[in-house]
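S.K.: Could you have a look at this structure, given as structure tokens, before my questions?
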Amino acid sequence: MDGAEPGTGVAAVVTGLGNEVYQIDTMMAGYDGITAGYLILTGRPCLVETGTAPSAPVVRSALAGLGVGPEDLATVVVTHIHLDHAGGVGDIAAMYPGAQVVVHERGARHLADPARLMASARMVYGDELDELFGELAPTPAGRIRAVEATGTVDLGGGRRLDSHYSPGHAKHHIGLIDSVSGDLYVGDAAGIYIQETGDMRPATPPPDFDLDAALHSLRTFAALRPTRLLFSHYGPVGAVDETLERSAEEITLWVDETRRARGAGLDLDHAVAMVAARTRQRYAVLADGADPALAAKFERISGTAANVAGIARWLDAQGAA
């Protein structure tokens with residue numbers, strides 16, 4: 001898949017993972033290996049994560065190559081409504097008019113009316129927004145099903161996806177476990193996995209990061225006893241316990257380092273530089289001699305500045321409380 005470009009064909013973006021599960025590289029912003037969607041090709045086909053709005057045609061081509069036409073897709077589920085995961089929901093909903101869209105109740109209204117979400121994103125990303133994420137189109141409210149603490153998606157033949165509320169990264173985040181394969185779709189709740197190097201890094205952007213909630217969500221995931229973790233960024237991981245433990249370790253370390261920087265009186269820019277310097281040696285992707293293009297992709301997925309800003313916001317809220 002390395003070096004593939006958007007629209008180069010289904011073979012470039014689809015990987016079979018067994019148990020009727022297919023990973024789809026959504027080719028976010030023209031990069032391969034940044035954001036994955038997953039098709040569960042059962043009697044009631046289900047797409048987990050759409051990727052961005054510009055990724056919708058890539059996803060449609062991948063589904064067509066797997067034999068899923070406009071009338072076949074039964075369900076679209078998003079782990080949360082951040083634009084790299086759900087930016088294509090409105091477009092995919094229009095392409096597949098019979099598909100129900102499942103999302104946590106705290107995100108449902110933003111899929112029906114994305115104006116506020118898009119305005120907030122444009123304030124953060126400015127002119128980069130169109131290139132990175134495109135425009136989230138509204139989804140008809142009648143096609144949206146909101147889930148709460150738990151929920152179930154019927155995959156047909158007695159197979160199901162069970163959703164579990166998993167905040168910490170976002171207040172509207174759910175994890176999803178497949179009753180047959182044991183796969184757990186972790187969204188961003190377990191952080192970022194770089195398949196080329198095996199690195200893991202937290203995903204702690206503003207405005208919703210909450211350390212206690214994030215660690216609780218990881219314990220929830222561990223208690224589900226999944227057979228495999230399917231990361232939206234990026235791909236499958238079989239070492240479940242070790243990976244969830246590493247995720248908790250990374251989140252805690254980044255909070256400790258950000259707290260240390262703030263305690264030293266550093267402003268945000270200097271705190272970012274300090275945390276970057278103190279954590280750099282943990283990641284093979286950032287080591288001397290590593291592929292600079294891969295490092296740039298890594299920073300695009302999980303930027304140091306965004307992670308530290310999210311943690312700093314949480315620390316400020318703890319101080320105010």
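All of the numbers you see were taken from the coordinates with simple rules; none came from a lab. From a predicted model like this one, the values you see are computed outputs, not experimental measurements. Cβ: placed from backbone, ideal geometry, glycine included. Neighbour counts: every protein chain shown.
S.K.: Taking θ = phi - 60°, what integer Hz values does the Karplus form 6.51 cos²θ - 1.76 cosθ + 1.60 yield along segment 41-51, in sequence order, with x for Gly and Pro?
M.R.: 3J(HN,Hα) across segment 41-51, in whole Hz: 9, 9, x, 10, x, 10, 9, 9, 6, 9, x.
S.K.: Mind pulling the angle between the C-alpha long axis of helix 56-65 and the longest principal axis of the chain? Nearest 10 degrees, somewhere in 0 to 90.
M.R.: It is inclined by approximately 50 degrees.
S.K.: Can you list residues from other chains, or at least 5 along the same chain, whose modelled amide H is less than 5 Å from the amide H of VAL147?
M.R.: Sorted by chain and number, the residues that satisfy this are VAL103, HIS104, GLU105.
S.K.: Next question. Between ALA306, ALA293, ALA115, which gets the highest mean-square fluctuation from a Gaussian network model of the chain, Cα cutoff 10 Å?
M.R.: Residue with maximal mean-square fluctuation among ALA306, ALA293, ALA115: ALA293.
S.K.: Another one. Taking amide hydrogens as modeled 1.01 Å from N in the peptide plane, which residues meet the under 5 Å criterion relative to ASP32, leaving out close sequence neighbours?
M.R.: Hits under the 5 Å cutoff: GLY3.
S.K.: Separate question: Testing the spin-label approximation: label points 7 Å from Cα along Cα→Cβ at ALA317 and GLU71. State their distance in nm.
M.R.: Once both label points are built, they end up 4.7 nm from each other.
S.K.: Hey, can you grab everything whose amide H is under 5 Å from the amide H of ASP199? Only 5+ residues off in sequence or another chain; H modelled, so Pro and N-termini drop out.
M.R.: Those qualifying (amide H under 5 Å, at least 5 residues apart or on another chain) are ILE194.
S.K.: Using Cα pairs under 8 angstrom and six or more residues apart, how large is the relative contact order of the chain, in percent?
M.R.: Value for the chain: 13 percent.
S.K.: What percent does the relative contact order of segment 150-254 come to when contacts are Cα pairs within less than 8 Å and at least six residues apart?
M.R.: 26
S.K.: Once you order the gyration tensor axes a ≥ b ≥ c over the Cα atoms, which shape class does segment 97-180 get: rounded for a/c under 1.5, otherwise prolate or oblate by comparing a/b with b/c?
M.R.: Prolate, because a/c is 1.5 or more and a/b exceeds b/c.
S.K.: Grab the other residues whose beta carbon is less than 14 angstrom from that of GLU250, score K and R as +1, D and E as -1, and report the net.
M.R.: That sum, taken over residues with Cβ under 14 Å, equals -2.
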